[in-house]
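What follows is one structure encoded as structure tokens, with my remarks underneath.
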């Protein structure tokens, strides 16, 4: 599994996360897809926009809503060589959050930089 | 690059976020409930008008028709296309971003 | 198909993974291993316990290459390699060890 896909083509994948974590299945599903995709050794980036920034809020505890606490998975992404996490500054700030509220290391970028990240990506998945 | 939006801007912020993050000279196609975003005299009309200076805007005809809307309900300079036109846009653009 | 151990019945999925993580106990692992023809020794338990701790922390059953890397970090290079892990768990250290540990099938194992 260390080899690249046949032909060795590496593309820039971008996973766009725009939903809050627990009200719908989107965020958890996105993580599953990212982890499965990680086996293919592509150039993977994750973007957190709008309510998607809430996915990264630290100290989530789902015990009392009886669902899996998948927020812990974000800390494991690094081991899957998924290391590029981008958070849109405007989304974070308009929700009253700062970098200190987040559970993992991310790069905070502004709308202009996010625009470029999207434009430069070759394959985009939306959640 | 082709961007599509399929949610009403009065319920979700998908259209607004798209307009914030869309590159100049891109193409934006409004489909399904997003066609409501093409209506004139709404509280997001100004944002649409501003966006039109930098991007080309389309709306999917069958979705308009289904909702009892037509050209007269829309902001000017928004082009109405049919499914063939949709396919053409997809073929013309190497990449697509769907704002859900 | 449920597995019977010490008169207790454990629900599993169609591939034999334990349905309810919380029900896991050591005797169940021993029984699952016996079914695969493996007699669990200290080296096996070290990996099984490692996996349970890993799952507790990250909520993932790691794919084999991630497991290998993580084992290497925690237990040293002589254990964090495919050869060592495959010798212990010949059906695949990801799949088989996760099963014995009561975890779901590894995510990202293709």
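The values are calculated or read from the model by the stated rules, or taken from the named source; none is laboratory data. Worth saying up front: this structure is predicted, and the values here are computed from it rather than measured. Cβ coordinates were reconstructed from backbone atoms using ideal geometry, including for glycine residues, and neighbour counts include every protein chain displayed.
A residue that is surrounded by fewer than 20 Cβ atoms within 10 Å (Cβ to Cβ) and in a loop (DSSP other than H, G, I, E, B) can be found somewhere in the stretch A:81-90. Filtered by the rule that a residue be at pLDDT below 95, under 14 Å from residue C:102 (Cβ atoms) and surrounded by fewer than 13 Cβ atoms within 10 Å (Cβ to Cβ), the stretch C:20-55 gives C:20, C:22.
Note on the stretch B:53-91: residues that are in a loop (DSSP other than H, G, I, E, B) and over 14 Å from residue B:3 (Cα atoms) amount to 10. Taking the conditions exactly as written (closer than 19 Å to residue A:121 by Cβ and in contact with a strand residue (DSSP E or B) (Cβ under 7 Å, 6 or more places away or on another chain)), does residue A:33 satisfy them or not? Yes, satisfied. Taking the criterion of being surrounded by fewer than 20 Cβ atoms within 10 Å (Cβ to Cβ) and at the interface with another protein chain (Cβ under 8 Å from one of its Cβ atoms), the residues of the stretch A:91-115 that qualify are A:111, A:115. The condition (being exposed (fewer than 13 other Cβ atoms within 10 Å of the Cβ), modelled with pLDDT under 95, over 25 Å from residue A:73 (Cβ atoms) and more than 13 Å from the chain's Cα centre (by Cα)) is satisfied by just one residue among C:73, C:77: C:77. Looking across the stretch C:79-97, the residues that are in contact with a helix residue (DSSP H, G or I) (Cβ under 7 Å, 6 or more places away or on another chain) and more than 14 Å from chain A (Cβ to nearest Cβ) come down to C:79, C:88, C:89, C:97.
Residue count for the stretch B:14-43 under the criterion of being buried (at least 17 other Cβ atoms within 10 Å of the Cβ) and either away from chain A (no Cβ under 11 Å) or without any contact (Cβ under 8 Å) to a residue 24 or more places away in the chain (or both): the result is 15.
Within the stretch A:63-80, being assigned to a loop (DSSP other than H, G, I, E, B) and either facing chain C (nearest Cβ under 10 Å) or touching a strand residue (DSSP E or B) at 6+ places or on another chain (Cβ under 7 Å) (or both) holds for A:68, A:69.
Restricting attention to the stretch B:1-12, and to residues there that are part of a loop (DSSP other than H, G, I, E, B) and out of contact with any helix residue (DSSP H, G or I) (no Cβ under 6 Å at 6 or more places or on another chain), which single residue is nearest to the other protein chains (Cβ to nearest Cβ)? Filtering first and then ranking leaves B:1. With respect to residue B:70, is the statement that it is touching a helix residue (DSSP H, G or I) at 6+ places or on another chain (Cβ under 6 Å), over 20 Å from residue A:14 (Cβ atoms), more than 14 Å from every other protein chain (Cβ to nearest Cβ) and surrounded by fewer than 15 Cβ atoms within 10 Å (Cβ to Cβ) true? It is false that residue B:70 is touching a helix residue (DSSP H, G or I) at 6+ places or on another chain (Cβ under 6 Å), over 20 Å from residue A:14 (Cβ atoms), more than 14 Å from every other protein chain (Cβ to nearest Cβ) and surrounded by fewer than 15 Cβ atoms within 10 Å (Cβ to Cβ). Within the stretch A:44-51, one or more residues are within 11 Å of another protein chain (Cβ to nearest Cβ), modelled with pLDDT of 95 or more, part of a helix (DSSP H, G or I) and out of contact with any helix residue (DSSP H, G or I) (no Cβ under 7 Å at 6 or more places or on another chain).
Per this entry, residue C:7 is counted among residues that are exposed (fewer than 14 other Cβ atoms within 10 Å of the Cβ) and more than 29 Å from residue A:41 (Cα to Cα).
Consider residue C:65 against the criteria (1) within 14 Å of another protein chain (Cβ to nearest Cβ); (2) surrounded by 14 or more Cβ atoms within 10 Å (Cβ to Cβ); (3) under 13 Å from the mean Cα position of the chain (by Cα): it satisfies all of them except one. Which criterion is unmet? In the conditions (1) within 14 Å of another protein chain (Cβ to nearest Cβ); (2) surrounded by 14 or more Cβ atoms within 10 Å (Cβ to Cβ); (3) under 13 Å from the mean Cα position of the chain (by Cα), residue C:65 misses (3) alone.
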